[in-house]
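No value in this document is a laboratory result; all are computed from the given coordinates. Quantities reported herein were computed from a predicted structural model and do not represent experimental measurements. Because the Cβ atoms are built from the backbone with ideal geometry, glycine has one as well, and the counts that use them run over all protein chains shown.
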Amino acid sequence: MSAKVAIFMGSISDKDTMQPCSDLLTELGIPHVFTVSSAHRTPERTAKLVKELEDDGCQIFICAAGLAAHLAGAVAAKTIRPVLGVPICGSALGGMDALLATVQMPPGFPVGTVALDKVGAKNSAWMAAQILALHDSAIAEKIIQARAKFVESVEKAAAELEG
Ligand code: RP5
């Protein structure tokens, strides 16, 4: 089945942080590609991938990068499909550089940025799933089931604490 979501990372060094994003999409039954392409080191590959994936029906792009994190912006320049950005932490500035580079886009080219690093990896997958669920009842059902599990685990923890 064609990918509905594409996860791009600026470097293979971002993989450990972004693996949970891919794992969550797999758990929710969402076909996706998980690859490396840099805004600066491989700009042609990035533009080519966006075009090919879009032609193949990809709906949402999730782009993770650290330092001067321009990957999500470079992808947003090439598609009108939703782009979610994940600023990666770990620089001397603790990820503040990546956060600012990801979110401060010129009007007309938004990059949805829900959180940084590992939380950003997971919540970008949830956000992508919720966008797809607008037109896909199977994904909506999986999200509802996952929410029920969150409720269960909080109630279990509360019951254990309260004795
Ligand atoms: C960014 O620079 C990547 O997204 C990564 O977070 C950071 C460092 O890349 P490497 O030097 O480890 O390849 O482009």
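Can you confirm whether segment 43-59 contains a residue that is touching a Gly at 6+ places or on another chain (Cβ under 6 Å), within 13 Å of the ligand (Cβ to nearest atom) and not charged (D, E, K, R)? Outline the logic, then answer.
Start the filter on segment 43-59 by keeping residues that are touching a Gly at 6+ places or on another chain (Cβ under 6 Å), which leaves none.
No, because not a single residue in segment 43-59 is touching a Gly at 6+ places or on another chain (Cβ under 6 Å), within 13 Å of the ligand (Cβ to nearest atom) and not charged (D, E, K, R).
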Index of the failed condition, Met96 passing every other in (1) out of contact with any helix residue (DSSP H, G or I) (no Cβ under 6 Å at 6 or more places or on another chain); (2) touching a residue at least 60 places away in the same chain (Cβ under 8 Å); (3) among the aliphatic types (A, V, I, L, M); (4) away from the ligand (no atom under 13 Å from the Cβ) | (2)
Total residues in segment 116-163, condition touching a residue at least 24 places away in the same chain (Cβ under 8 Å) and on the phi < 0 side of the Ramachandran plot | 18
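Residue by residue, here is whether (1) surrounded by fewer than 24 Cβ atoms within 10 Å (Cβ to Cβ); (2) at positive phi holds:
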residue: Leu49; (1), (2): yes, no
residue: Glu54; (1), (2): yes, no
residue: Gly57; (1), (2): yes, yes
residue: Ala64; (1), (2): no, no
residue: Ala69; (1), (2): no, no
residue: Ala72; (1), (2): no, no
residue: Thr79; (1), (2): yes, no
residue: Gly85; (1), (2): no, no
residue: Cys89; (1), (2): yes, no
Single condition Arg81 does not satisfy, out of (1) under 30 Å from Ala140 (Cα atoms); (2) basic (Lys, Arg); (3) more than 17 Å from the chain's Cα centre (by Cα) | (3)
